[in-house]
1. Carbon-plus-sulfur fraction of the accessible area of segment 1-132, 1.4 Å probe, in percent?
2. As I understand it, the value is the acute angle between the Cα axis of helix 16-29 and the longest principal axis of the Cα atoms of the chain; what does it come to in degrees, rounded to 10?
3. Enter the angle in degrees (range 0 to 90, nearest 10) between the Cα long axis of helix 119-138 and the first principal axis of the Cα atoms of the chain, meaning the one along which they spread out most.
4. For a test of the definition: using alpha carbon positions, the gyration tensor, and the 1.5 limit on a/c, classify segment 162-216 as rounded, prolate or oblate.
5. On C-alpha positions alone, give me the angle between the axis of helix 354-364 and the longest principal axis of the chain, in degrees, nearest 10.
6. What is the Cα centroid distance between segment 45-99 and segment 202-254, reported in whole angstrom?
7. Which shape class applies to segment 92-208: rounded if a/c is under 1.5, otherwise prolate when a/b exceeds b/c and oblate if not, where a ≥ b ≥ c are the square roots of the Cα gyration tensor eigenvalues?
8. Could you rank the peptides 173-180, 298-305 by their average count of other C-beta atoms within 10 Å per residue, with the highest value first?
Amino acid sequence: MTRLTMDTGSYVDVPKDLLKEIERLEQLFSTDTAKLKQITEHFVKELEKGLSVQGGSIPMNPTWVMSFPTGYETGTYLALDMGGTNLRVCQITLTEQKSEFDIIQSKYRLPEELKTGEADDLFEYIADCLMQFIETHHGDTGRLEKLPLGFTFSYPATQNYIDEGILQRWTKGFDIPGVEGHNVVPMFEAALARRGVPIKLTALINDTTGTLIASAYTDTKMKIGCIFGTGCNAAYMEDCGSIPKLAHLGLPPDTPMAINCEWGAFDNEHKVLPRTPYDIIIDKDSPRPGQQAFEKMIAGLYLGEIFRQIMVDLHDNHDVHIFEGQDISALRKAYSLDSSFLSAIEEDPFENLSETADLFQTKLGIHPNTHELELIRRTAELIGTRAARLSACGVAAISKKKGYTSCHVGADGSVFNKYPHFKARGAQALREILDWPEKTDPKEEDPIEILAAEDGSGVGAALIAALTLERVKKGNMHGILHPENFR
């Protein structure tokens, strides 16, 4: 049998009924240039709506990070990154050398029982980890001046000030009562005080804003920070004069303000995104139907689930009945396949897709035939390509809104870093949306390049602590809830 050549889309010897299903999926999942341009235009309007007094689906949260780093920041700062499974504590020393830093870090496992226990227990555990880290690297803490800390708190939170974070909802397996709707900072600071930890919380940050600032520290062309991982998000620097919802503060119009877009909520109204029946099912069965429409089409958490839905549907409801006569009970388990499963399918280098066959056998107990393997490969490509192309619409929208014709975009996250061809597919989509001429030299840089970001939750958090202390020293107290902590 001749392999399907993906660039020409030609198949040989694939049975007609299976070919019909592949063509149906290609129609459902393809996003042509005109569609990408339409999505981008709507995206620009929605970004603007999020900055308005009325607001919109995209929250567009001001972060109170009010400048890019210059690269000449100095000093020693701590950073705390609270993820889903680990706590990471870093000490970052910004050196006299421009844009250079030294880092020491330790990881501490978050015990599962803390994720659903009491808030005090969680924050006291974090305080203990910080104390342990400081004692290891500073010895006697009795005479130590309080160290400034940037805390990366990557859970949906409202931030009216840089030193507060009102938790909207727990994610990543956390469900601690009495925290949602409350400011987490006093809980954290009370635990530090009880344990006598010599730390002052200087800034609570989101990992996406950290990604933007850390990347800009080492590369002055960086204008946008993005996360393409389990979830998706972007941050960029806006002028306060273009943020009507901050107009009442009377800030000078050219004052910069980093915006944490939370753009996973783009198009919750379902006006432009090309949703398939599979996307609609995923949304309907999700914990928050009608929310995070964009995220559900591009983020790592959902890519494997879209694929799984298609496979089950082709087994149950269509004339082809793939995997006929086999037990597909393992495939019926929701969210049992993650984006790494699709990555493995797309990376299979063999003509006969033998690695994909092995993957299905070991993970799902299913033995696909040769033609089904072709369908599996094509389905993974369609889902991965659509995700990359739609992701580019967000980058293009911020670029258009800000009038950027040339810049760098710092991206992080498992999908960006590990999913095959994600970068190239995204770059091609940007080229189409922004009407760049075709390259004459393959080594030539694109006008807007999406590059691997610096460490946002570590270095980014420390830099934001440094930038905050610096502006407070100059008398800029905007967005500071507790000025007494900065004296």
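1. Values: 3080 of 6350 Å².
The computed percentage sits at 48.
2. Roughly 30 degrees, rounded to the nearest 10.
3. 70
4. oblate
5. 70
6. Each part reduced to its Cα centre gives a spacing of 7 Å.
7. In terms of gyration-tensor shape, prolate.
8. Most protected by this proxy first, the peptides run 298-305, 173-180.
The values are calculated or read from the model by the stated rules, or taken from the named source; none is laboratory data. Given the structure is predicted, the values throughout are model-derived calculations rather than measurements. Virtual Cβ from ideal backbone geometry, glycine too; neighbours counted across all protein chains shown. Accessible surface is based on the protein model in full, side chains and every heavy atom, while ligands, DNA and RNA are left aside. Shrake-Rupley method; radii C 1.70, N 1.55, O 1.52, S 1.80 Å.
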